[in-house]
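In what follows, a single structure is set out as structure tokens and then discussed.
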Amino acid sequence: MTHSTVTDGGRSARDFAHDFPFDPSYGLGLDELLRVPAPEAAPTDFDAFWRSRHEAARAVDPKPEVGRLVEVRDGVRVHEVSYASVGGVRLGGWLVLPAEGEAEHGFVIGHGYGGRDQVGPDVPLPMPRSAAILPCVRGMADRGLLPGVPSLAAEHVLHGIAARDTYVIGECVADLWCAASALLELVPGLDGPQPRLGYLGESFGGGLGALALPWDERFAAGRLTVPTFGNHPLRLTLECVGSGAAVRRYHAEHPEVVDVLGYFDAATAAARLSKPVLVAAALFDPSVPPPGQFAVYNALAGERELKVLEAGHFEYEGTRTERAGLDAATADFFARMLT
């Protein structure tokens, strides 16, 4: 197992000026963050639960339909696309194809909470001669909206949370698996004995990716940026904003929810993830506490690489430069893992 990480272990978060009533670095430097574990105990049927969910998703005929051409830029064509997922729903998103020639690699690209209304900064892709599907998982704008599923992050993250089989997060993970099925049907040259799919996800999409990747052999590698859902027992003790705060409030009134959350812990899943993974984790983050992000990285069972970010979910001077560095690291990572 290869571990590639930074060497400046004493590094701490910059003293950002902010208005949060708590410290988004939680008083931890890199040395401490690199010691945050996954939860001590996982549900005894954690693996069986997720393998069953994956089997059900793989049984779905995605019936992808390519829609109108949206734009041509950066050497690719961007189309609208829709596909079927578990529960008999159809979801939308975008399909990215090379403007010329055949695709040699493919990507499933998850999104943060709030969804996406365009392909945005996910294009250009990490590698040339690639195809990608950018799905909107159920409930998320613009093209994943469904009756009865809240679209606001603070409500969506609680939808069906009373039981593991109804929790929307499990269905969102299945939406990613079905998106991969749709991409492979639309670009059949990607489907072969050697996996040529990569996954990219940020925040909400990072947490979903950690839950999705261990069980799906079609993916060769993934990048998880500021991943959420890491070490729920610890996360529930850390003040934050956004969807995590909604889960903390719910837990205060329904402490038994920890039993459900145990099945949706990204760090627990990471301990089963043997594929190569690049994690971009932040030292300062008011929405996804850094200890949870690093718990995902620390638990990874396979080859892993770490890109330390100064901050996540927070704009500061240097954000663009740091993002460019992450993009370069991502391109290098996938060039090594998918070729």
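The values are calculated or read from the model by the stated rules, or taken from the named source; none is laboratory data. Fair warning: this is a prediction, and the values are worked out from it, not measured in the lab. Glycine gets a Cβ as well: all are built from the backbone with ideal geometry, and neighbour counts include every protein chain shown.
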task: Please state which one of 237, 268 is among the polar types (S, T, N, Q), part of a helix (DSSP H, G or I) and over 21 Å from residue 111 (Cβ atoms).
output: 268
Answer residue from the range 64-74, given it is at pLDDT 95 or above and within 17 Å of residue 107 (Cα to Cα) and is surrounded by the fewest Cβ atoms within 10 Å (Cβ to Cβ) among those: 66
statement: Going through the range 8-63 in order, the residues found to be among the aliphatic types (A, V, I, L, M), closer than 23 Å to residue 165 by Cα, in a loop (DSSP other than H, G, I, E, B) and modelled with pLDDT of 95 or more are 38, 42, 59, 60
- prompt: Which one of the conditions (1) closer than 22 Å to residue 198 by Cβ; (2) surrounded by fewer than 20 Cβ atoms within 10 Å (Cβ to Cβ); (3) not acidic (Asp, Glu) does residue 145 fail to meet, given that it meets all the rest?
  reply: (1)
- request: Could you tell me which of the residues 155, 171, 185 is touching a strand residue (DSSP E or B) at 6+ places or on another chain (Cβ under 8 Å), in a helix (DSSP H, G or I) and over 22 Å from residue 277 (Cβ atoms)?
  value: 171
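Is it the case that the range 36-48 has a residue that's of a type in the set (Val, Ile, Thr), crowded, with 17+ Cβ neighbours inside 10 Å and over 28 Å from residue 260 (Cβ atoms)? Can you show your working first?
To start, the set of residues in the range 36-48 that are of a type in the set (Val, Ile, Thr) comprises 36, 44.
Subsequent filtering for residues that are crowded, with 17+ Cβ neighbours inside 10 Å retains 36.
Now drop any that are not over 28 Å from residue 260 (Cβ atoms), which leaves none.
No; the residues of the range 36-48 include none that is of a type in the set (Val, Ile, Thr), crowded, with 17+ Cβ neighbours inside 10 Å and over 28 Å from residue 260 (Cβ atoms).
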task: Take the range 182-196 and flag every residue that is at pLDDT 95 or above, surrounded by fewer than 24 Cβ atoms within 10 Å (Cβ to Cβ) and touching a helix residue (DSSP H, G or I) at 6+ places or on another chain (Cβ under 9 Å).
output: 184
query: Which of the following residues is at positive phi, out of contact with any helix residue (DSSP H, G or I) (no Cβ under 9 Å at 6 or more places or on another chain) and surrounded by fewer than 22 Cβ atoms within 10 Å (Cβ to Cβ): 318, 302?
result: 318
query: List pairs: first in the range 177-192 and closer than 21 Å to residue 86 by Cα, second in a helix (DSSP H, G or I) and at pLDDT 95 or above, Cβ under 6 Å, 6+ apart or cross-chain?
result: 177/57; 178/57
task: Hey, can you tell me all the residues within the range 115-138 that are surrounded by fewer than 24 Cβ atoms within 10 Å (Cβ to Cβ), of a type in the set (Gly, Ala, Ser) and not in a helix (DSSP H, G or I)?
output: 115
- prompt: small (Gly, Ala, Ser), farther than 17 Å from residue 241 by Cα, within 16 Å of the chain's Cα centre (by Cα) and at pLDDT 95 or above: does that describe residue 281?
  reply: yes
- prompt: Would you pick out the residues in the range 75-105 that are surrounded by fewer than 20 Cβ atoms within 10 Å (Cβ to Cβ), part of a loop (DSSP other than H, G, I, E, B) and either in contact with a Gly (Cβ under 9 Å, 6 or more places away or on another chain) or of a type in the set (A, V, I, L, M, F, W, C) (or both)?
  reply: 99, 100, 102, 104
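Among the listed residues 336, 248, 323, which satisfies the condition of being under 28 Å from residue 164 (Cα atoms), surrounded by fewer than 22 Cβ atoms within 10 Å (Cβ to Cβ) and not hydrophobic (A, V, I, L, M, F, W, C)?
248
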query: Can you spot a residue in the range 106-114 that is assigned to a loop (DSSP other than H, G, I, E, B), in contact with a helix residue (DSSP H, G or I) (Cβ under 9 Å, 6 or more places away or on another chain) and at pLDDT below 95?
result: yes
